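The values are calculated or read from the model by the stated rules, or taken from the named source; none is laboratory data. As the structure is a prediction and not an experimental result, all values here were calculated from the model. When we count neighbours, we look across all protein chains shown, and the Cβ atoms used for this are built from the backbone with ideal geometry, even at glycine.
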Amino acid sequence: MAAKAIQSLNSQRRECHEIEVPSDFDTFAVGKENSTIEQIRATMWDRVGVVREESGLKLALEELASLRSTVGISLDARNLRTVGEAVATAALNRTESRGAHFRSDYPDSDPLQAHRNIWSIAAVSTKTVRTKESVA
């Protein structure tokens, strides 16, 4: 069965053609890519790290949003930015400390928030969340 699948995949292969890449492409793309990813990492570490607070989370969201207009960033960088926005948005909306999520401005757990929040990409952009039943 596996041999048949491999044979099928091999029959679907297409020839690769060489293309000419501009001489400045590597330097620009790699430099810009590394710079953007490093910005995202630094923002997440500095503002959405182990200890979080409202002003830092809001700054993180602003910094990540500013990267939306960056031209030429890769799919990896866009995905990192999207995940960063989701984490920061979820953390901003949970106004308590629970488990590994620690808010210095809300150091205690709140029994009223003992439930799961379900976020989607659309929910992050509109700041709406669906709440699931209690998990306490």
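Across segment 71-116, the qualifying residues are those that are part of a helix (DSSP H, G or I) and acidic (Asp, Glu), and the one among them that is nearest to the chain's Cα centre (by Cα) is 85. For segment 117-136, a residue qualifies if it is surrounded by 11 or more Cβ atoms within 10 Å (Cβ to Cβ), of a type in the set (Ser, Thr, Tyr) and either modelled with pLDDT of 80 or more or part of a strand (DSSP E or B) (or both), and exactly one does: 134.
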